[in-house]
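These notes concern the structure reproduced below.
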Amino acid sequence: MLLHKDVGAKPELKDRNGLTVLLLACNVGHIIAAELLVAPTAAAEALDVCNAMGRTALMWPVETGLMSVVERFVAAGAKAEVKDNNWITALALACVKVCDILVLSGAKATAAETSAKISVQSVGCWVKATGHWIKTN
């Protein structure tokens, strides 16, 4: 893959749809390309660039449950607190992902985990750290 400063590649540049090459790789689900692009994108200080919907590249592996990719993004400095156009963060998306799994597997929706600052009520998830109420269905 040619993404190197010597050939003039600029991972921070956006196309007319507001996508960087990393965001594009994430949008089409290309895991290998996304993993290869994390370091040069971080070096260009463009890891948290948002698309037209305010979504960062980190939000894709969080939503799809690709924990090894999430770890790579976070290790490179991706910020989980960036809010999209609907004020949703990667942290809130992670909460929804976990709530979905638990609620759909029959978990009682009355548990509260105060140390994680997350409460599950009915079929929703309240993330105190970001102040979001998120429906899980």
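Read-outs: derived from the displayed coordinates by stated rules, not from any lab. Keep in mind that what you see is a predicted model, and the values were worked out from it rather than measured.
Based on the convex hull around the alpha carbon atoms, the range 1-86 presents an average projected area of 5.3 nm². The Cα-based radius of gyration of the range 41-108, divided by its Kirkwood radius, gives an Rg/Rh of 1.03.
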